[in-house]
Amino acid sequence: MKRLLLSLCLASCASLPPAPPHAFVAPPEVKTPVSVCWIDTGGLSVSGGYGAAGDVTAETWDVTSAALLIRHPDGDVLLDTGISPTAHDEAKSLGGWRRFVFGETAGKNQPRESLVDALATAGVKKLKGVILSHAHPDHAGGLTALPDVPVWLSAEEKTFVESGNDVVMPAQATAMKARMEALTFEPVPYANFDARADVFGDGSVVVVPAFGHTPGSVVTFVTTPTLRLAHVGDLINLGESLGRNVQKSWLMRTLTDENEAANDAQVAKLVQLQAADPQLLILPAHDRPLWTQHLEKCAPSGNF
């Protein structure tokens, strides 16, 4: 037992090896009047030790399952959709093990805000599309309530959804089936990544491949006149992971990462990115204090 505990500690407490050297390509100046706000669809609080490996600074991990609304002159885009208010009913169609994993992770979310109501309150009449960081149920949960909205994701994640695996909620896979559009990644470097998809063609919203947490998970860079951020999905759960050069907790890696080694390599790239671009806000999808500190909640149109 002692050997097992020691091996688990070593697996979750060791500092990550550095990412391979990579030239940093500074993002171009963006003049588009883009704004962002967020919708807190659900969340919970657990011990900080669940959020990151090693000697965690945060006493609690205050979790959000959030949607980021990006308002661009060419249309409103949602980045992730949070947790479904009927997620527990949807989870009944999962197999036993995956139903257990959901119950111990995303299924612990308590409802907070209605995605549909929050969008209506913010004056969103039609979404141009939804960028999906990955297809887990606390990110794709709101898609069933947004019919006919295109879902933009990597080709690898599209294949993952279409594979009929027991990770993606069947109801959400069905909701996405006819409207998934694979992002086209051009071999043009961005920051310390080798390819990019420029959503609006002006550098304000740029998606890069960051495969590991799921086969097609991505990082999305958003630039407004006052803020630059990188939404990193579930590559890390707490922002402090980057300052301490560690990955997620052993438990969260084991339960949620499709490829732990590949995810660790992406975390090392984030550490490298933060060092090269310290003014960039690196935003984990579930670190609520970072969201509340740096972003405004969605409010009636014109008031955020």
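Overview of results
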read-out: Selection count, region 248-279, where residues are in contact (Cβ under 8 Å) with a residue 60 or more places away in the chain and either more than 19 Å from Pro21 (Cα to Cα) or part of a helix (DSSP H, G or I) (or both); value: 18
read-out: Matching residues in region 44-72 - criterion: being touching a Ser or Thr at 6+ places or on another chain (Cβ under 6 Å) and either under 30 Å from Gly129 (Cβ atoms) or touching a residue at least 24 places away in the same chain (Cβ under 8 Å) (or both); value: Gly48, Tyr50, Ala52, Ala53, Asp62, Ser65, Ala67, Arg71
read-out: Filtered residues of region 204-229 (kept if under 11 Å from Phe193 (Cβ atoms) and assigned to a loop (DSSP other than H, G, I, E, B)); value: Ala210
read-out: Looking only at region 237-247, and only at residues there that are assigned to a loop (DSSP other than H, G, I, E, B) and either basic (Lys, Arg) or touching an Asp or Glu at 6+ places or on another chain (Cβ under 8 Å) (or both), the one that is surrounded by the fewest Cβ atoms within 10 Å (Cβ to Cβ); value: Gly239
read-out: Test: residue in region 213-220 that is among the polar types (S, T, N, Q), surrounded by 16 or more Cβ atoms within 10 Å (Cβ to Cβ), more than 25 Å from Phe160 (Cβ to Cβ) and in contact with a Gly (Cβ under 8 Å, 6 or more places away or on another chain); value: no
read-out: Residue list for region 74-97, filter: under 20 Å from the mean Cα position of the chain (by Cα), closer than 16 Å to Val168 by Cβ and either modelled with pLDDT under 95 or not aliphatic (A, V, I, L, M) (or both); value: Asp80, Thr81, Gly82, Ser84, Ala87
read-out: Any hit, region 141-155, residues being surrounded by fewer than 22 Cβ atoms within 10 Å (Cβ to Cβ), in contact with a Leu (Cβ under 7 Å, 6 or more places away or on another chain) and over 23 Å from Val219 (Cβ atoms); value: yes
read-out: Residue match in region 209-217 (condition: free of Cβ contacts under 8 Å to residues at least 40 places away in the same chain and hydroxyl-bearing (Ser, Thr, Tyr)); value: no
read-out: Residue among Ser84, Ser133 that alone is crowded, with 20+ Cβ neighbours inside 10 Å, touching a residue at least 60 places away in the same chain (Cβ under 8 Å) and closer than 18 Å to Asp257 by Cα; value: Ser133
read-out: Any hit, region 278-285, residues being more than 17 Å from Ala52 (Cα to Cα), at pLDDT 95 or above and not hydrophobic (A, V, I, L, M, F, W, C); value: yes
read-out: Residue in region 169-181 that is at pLDDT 95 or above, under 17 Å from Leu235 (Cβ atoms) and assigned to a loop (DSSP other than H, G, I, E, B) present; value: no
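A quick yes/no check of all residues on (1) farther than 24 Å from Ser241 by Cα; (2) surrounded by fewer than 22 Cβ atoms within 10 Å (Cβ to Cβ):
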| site | (1), (2) |
| --- | --- |
| Trp38 | no, no |
| Gly42 | no, no |
| Val46 | no, yes |
| Gly51 | no, no |
| Thr57 | no, yes |
| Trp61 | no, no |
| Ser65 | no, no |
| Ile70 | yes, no |
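The values are calculated or read from the model by the stated rules, or taken from the named source; none is laboratory data. Note that the structure is a prediction, hence the values are computed from the model and not measured. Using ideal geometry, Cβ is built from the backbone for each residue, glycine included, and neighbour counts are taken over all protein chains shown.
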